[in-house]
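The values are calculated or read from the model by the stated rules, or taken from the named source; none is laboratory data. What you are looking at is a predicted structure, and each value in this text was computed from that prediction instead of being measured. Here the Cβ positions follow ideal geometry from the backbone for every residue, glycine too, while neighbour counts run over all protein chains shown. Areas reflect the complete protein model, heavy atoms only, side chains present, ligands, DNA and RNA absent. Shrake-Rupley method; radii C 1.70, N 1.55, O 1.52, S 1.80 Å.
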Amino acid sequence: MVSCATWGDKPSGGEKMSTNGAERERCAFEAMHEVARMIFGADANTPLPERIVDAAVGVLGADGVSLMLPDNEGSLYVAHAAGIPNECRENAR
């Protein structure tokens, strides 16, 4: 059976990624389910932007993730980030 790697992972060892459409769809569904579980199953005291970024890091296997949201004037700001230097967060638009 082919296993689903996280979206950011490359297959290692005997693991191989599927090229089958149904298998990719199953893997995508599993990833979405994992993200929902991580976001909504997390501690309610943790702010939602932090939960979203943590879920993205976990599912994508990314080194850096930022969640940008529009402010009242429509400009984007970094609501939460992980693995991104502070100076990049402050200068992001």
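Odds and ends about this structure:
- Test: residue in segment 34-45 that is modelled with pLDDT of 90 or more, loosely packed, with under 15 Cβ neighbours inside 10 Å and not in a loop (DSSP other than H, G, I, E, B): no
- Close pairs (7 angstrom Cβ cut-off, 6 or more residues apart or separate chains): basic (Lys, Arg) in segment 66-93, exposed (fewer than 15 other Cβ atoms within 10 Å of the Cβ) and at pLDDT 90 or above anywhere: 93/75; 93/76
- Out of 53, 65, 78, sole residue that is at pLDDT 85 or above, touching a His at 6+ places or on another chain (Cβ under 8 Å), of a type in the set (A, V, I, L, M, F, W, C) and open to solvent by less than 40 Å² (accessible area, probe 1.4 Å): 53
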